[in-house]
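Working notes for the structure below.
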Amino acid sequence: MGDPVTPKIAEGNALRARAEAGPLRVLGVMSGTSMDGVDVKLLTTDGEGVIERGAALSGAIGEDARAVIRAAEPDARAAPRIDHRTPAIAAAEELVTTLHAGTILDWLQQTGEAVDLVAWHGQTIMHAPERRVTMQLGLAQRVADCTGVPVVSDFRRADVLAGGEGAPLVPVYHRALVRGTGIAEPVVMLNLGGVANISYIDGETLIACDTGPASALIDDAMAEVGARYDADGETAARGRVDAAALAALTAHPFFDRPPPKSLDRNAFSAAPVAHLAHEDRVATLTRFTVDSVARAVHALPKRARTVLVFGGGSANVTMMAWLRQALGVPLEHDARFVSHHIEAEAFAYLGVRSLRGLPITFPGTTGVAQPLTGGRLTMPRSDAERGER
């Protein structure tokens with residue numbers, strides 16, 4: 001029957017050689033900490049420049065599925081190792097794998113296009129770099145097998161184990177985007193997902209960090225009244241910011257740490273606003289996001305010429321208006337390179353860098369001692385190979 005491992009090593013090496021020879025067509029797959037959906041986006045890239053963007057598809061994550069994933073978070077926060085799995089974590093991982101693989105298959109079937117690689121981030125349910133632990137759920141072998149496409153996954157592990165923050169990972173892609181358009185630097189890329197993070201690009205200087213919550217606490221507050229998010233920031237606009245509660249939120253020790261630094265989605269408690277009326281609670285949490293972003297941006301080495309904003313929070317009209325006031329620099333959502341699927345694109349880019357052994361994290365982005373590559377390649381197995389195992 002032979003050894004099924006040796007052919008896979010040869011196939012992996014052949015794929016790496018192709019990545020060195022020219023650009024690959026890569027599907028980036030991403031689901032953020034807000035767990036509102038799965039984004040799939042095609043990027044043709046050599047891992048240095050952006051050659052061409054392709055078709056995108058988003059798959060929904062329903063309330064029942066989110067509940068299963070969230071139910072695993074307490075076990076994940078107590079996990080002693082990256083690969084630790086309790087029944088709750090294992091159930092969530094099975095569900096994540098099924099949902100994400102299904103969205104990838106939908107993209108392949110709807111477009112009819114061939115791809116060379118899937119770059120799959122998985123679903124983060126815990127991030128504790130201070131303990132050298134981070135957990136992104138997903139069974140890469142199953143995704144490779146059911147799609148028939150090689151998968152690069154597990155992007156954060158190497159950085160965290162080397163003492164880095166393991167996040168954010170996308171700044172090197174942000175730099176490629178900025179360089180590809182010729183926009184004047186310094187530029188700040190601001191991602192408003194569940195957690196907010198920034199990338200500062202100025203010549204060879206690349207600095208990145210999480211700044212604090214973006215939409216996570218707001219979404220949690222809205223869930224208490226049966227809504228998924230504060231549509232257009234209308235609830236915040238009707239509320240009043242409570243100064244005392246805001247001061248309590250901003251007293252968190254995270255803000256005293258210099259960058260680079262990263263956060264778990266659940267690192268902050270909403271207890272300081274628990275006594276407020278709903279609209280005041282959402283207004284105060286929105287201002288908390290704005291103030292924490294402004295604090296980080298104002299601490300950068302030079303004043304940014306432009307802040308390019310993306311992520312779900314960019315649709316929050318109230319948050320965007322308050323950010324414009326707080327930052328005092330042009331705040332743009334530029335369709336030339338800031339798309340709804342920018343993080344999926346970023347992981348496609350990182351997938352090729354992983355194949356080529358190029359760094360994906362840097363001292364200025366995660367605090368790792370030296371530039372470091374990451375990711376793990378999984379090759380699909382044939383039916384016969386799966387039967388042998």
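In the range 322-350, what count of residues is obtained for those that are part of a helix (DSSP H, G or I), more than 26 Å from Gly59 (Cβ to Cβ) and in contact with a helix residue (DSSP H, G or I) (Cβ under 8 Å, 6 or more places away or on another chain)?
First pass over the range 322-350, keeping only residues part of a helix (DSSP H, G or I): 322-327, 342-350.
Then drop every residue that is not more than 26 Å from Gly59 (Cβ to Cβ), which leaves 322-327.
Adding the requirement that they be in contact with a helix residue (DSSP H, G or I) (Cβ under 8 Å, 6 or more places away or on another chain) leaves 322-323, 326-327.
Residues meeting the conditions: 4.
If Gln136 meets every condition in (1) within 23 Å of Phe254 (Cβ to Cβ); (2) free of Cβ contacts under 8 Å to residues at least 40 places away in the same chain; (3) not in a strand (DSSP E or B) apart from one, which number is that one?
Among (1) within 23 Å of Phe254 (Cβ to Cβ); (2) free of Cβ contacts under 8 Å to residues at least 40 places away in the same chain; (3) not in a strand (DSSP E or B), Gln136 violates only (3).
State which residue pairs qualify: first residue closer than 21 Å to Asp46 by Cα and inside the range 104-129, second residue hydroxyl-bearing (Ser, Thr, Tyr) and part of a strand (DSSP E or B) in any location, beta carbons under 7 Å apart, and separation of 6 or more residues or different chains.
Pairs that qualify, where the first residue is closer than 21 Å to Asp46 by Cα and the partner is hydroxyl-bearing (Ser, Thr, Tyr) and part of a strand (DSSP E or B), are Trp120/Ser153.
Between Thr289, Thr284, which is touching an Asp or Glu at 6+ places or on another chain (Cβ under 6 Å) and buried (at least 20 other Cβ atoms within 10 Å of the Cβ)? Give the steps one after another, and end with the answer.
Numbers: Thr289 fails: touching an Asp or Glu at 6+ places or on another chain (Cβ under 6 Å).
Only one candidate passes the filter, namely Thr284.
The rows are residues; the columns are (1) acidic (Asp, Glu); (2) under 22 Å from Thr306 (Cβ atoms); (3) over 23 Å from the mean Cα position of the chain (by Cα).
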{"residue": "Ile183", "(1), (2), (3)": "no, yes, yes"}
{"residue": "Arg228", "(1), (2), (3)": "no, no, no"}
{"residue": "Asp232", "(1), (2), (3)": "yes, no, no"}
{"residue": "Ser262", "(1), (2), (3)": "no, no, no"}
{"residue": "Arg265", "(1), (2), (3)": "no, no, no"}
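Go through the range 189-231 and report how many residues are out of contact with any Lys or Arg (no Cβ under 9 Å at 6 or more places or on another chain), over 14 Å from Leu169 (Cβ atoms) and small (Gly, Ala, Ser).
8
Could you check the range 354-375 and list, in sequence order, the residues that are outside any loop (DSSP other than H, G, I, E, B), out of contact with any helix residue (DSSP H, G or I) (no Cβ under 7 Å at 6 or more places or on another chain) and closer than 15 Å to Val152 by Cα?
Taking the range 354-375 and keeping what is outside any loop (DSSP other than H, G, I, E, B), we get 354-356, 361, 363-366, 372.
Imposing the further condition that a residue be out of contact with any helix residue (DSSP H, G or I) (no Cβ under 7 Å at 6 or more places or on another chain) reduces the set to 354, 363-364.
Scanning the range 354-375 gives a single hit, Ser354.
Looking only at residues that are free of Cβ contacts under 8 Å to residues at least 60 places away in the same chain and over 17 Å from the mean Cα position of the chain (by Cα) in the range 35-60, which one is surrounded by the fewest Cβ atoms within 10 Å (Cβ to Cβ)? I'd like the intermediate steps shown before the answer.
Here is the first cut: in the range 35-60, the residues free of Cβ contacts under 8 Å to residues at least 60 places away in the same chain are 37, 44, 51-52, 54-55, 57, 59-60.
From what is left, the residues that are over 17 Å from the mean Cα position of the chain (by Cα) are 44, 51-52, 54-55.
Details: Thr44: 18, Ile51: 14, Glu52: 10, Gly54: 17, Ala55: 13.
My answer is Glu52.
Just to be sure I understand, how many residues within the range 187-213 are within 25 Å of Asn316 (Cα to Cα) and not in a strand (DSSP E or B)?
Number satisfying all stated conditions: 2.
For the condition aromatic (Phe, Trp, Tyr), assigned to a helix (DSSP H, G or I) and out of contact with any Asp or Glu (no Cβ under 8 Å at 6 or more places or on another chain), what is the one hit in Trp120, Trp107?
Testing whether each residue is aromatic (Phe, Trp, Tyr), assigned to a helix (DSSP H, G or I) and out of contact with any Asp or Glu (no Cβ under 8 Å at 6 or more places or on another chain) leaves just Trp107.
Return yes or no: is Glu20 touching a strand residue (DSSP E or B) at 6+ places or on another chain (Cβ under 9 Å), surrounded by fewer than 16 Cβ atoms within 10 Å (Cβ to Cβ) and not hydrophobic (A, V, I, L, M, F, W, C)?
Values: touching a strand residue (DSSP E or B) at 6+ places or on another chain (Cβ under 9 Å): no; surrounded by fewer than 16 Cβ atoms within 10 Å (Cβ to Cβ): yes; not hydrophobic (A, V, I, L, M, F, W, C): yes.
Answer is no for this residue.
Which condition number does Thr250 fail, the rest of (1) within 18 Å of the chain's Cα centre (by Cα); (2) of a type outside the set (D, E, K, R); (3) at pLDDT 95 or above being met?
Unmet condition: (1).
For the range 25-34, what are the residues that are modelled with pLDDT of 95 or more and either surrounded by fewer than 24 Cβ atoms within 10 Å (Cβ to Cβ) or in contact with a Pro (Cβ under 9 Å, 6 or more places away or on another chain) (or both)?
Arg25
Answer yes or no: is there a residue in the range 163-170 that is at pLDDT below 95 and either outside any loop (DSSP other than H, G, I, E, B) or aromatic (Phe, Trp, Tyr) (or both).
no
The values are calculated or read from the model by the stated rules, or taken from the named source; none is laboratory data. Note that this is a predicted model, so its numbers are computed, not measured. We place every Cβ from the backbone using ideal geometry, glycine too, and count neighbours over all the protein chains shown.
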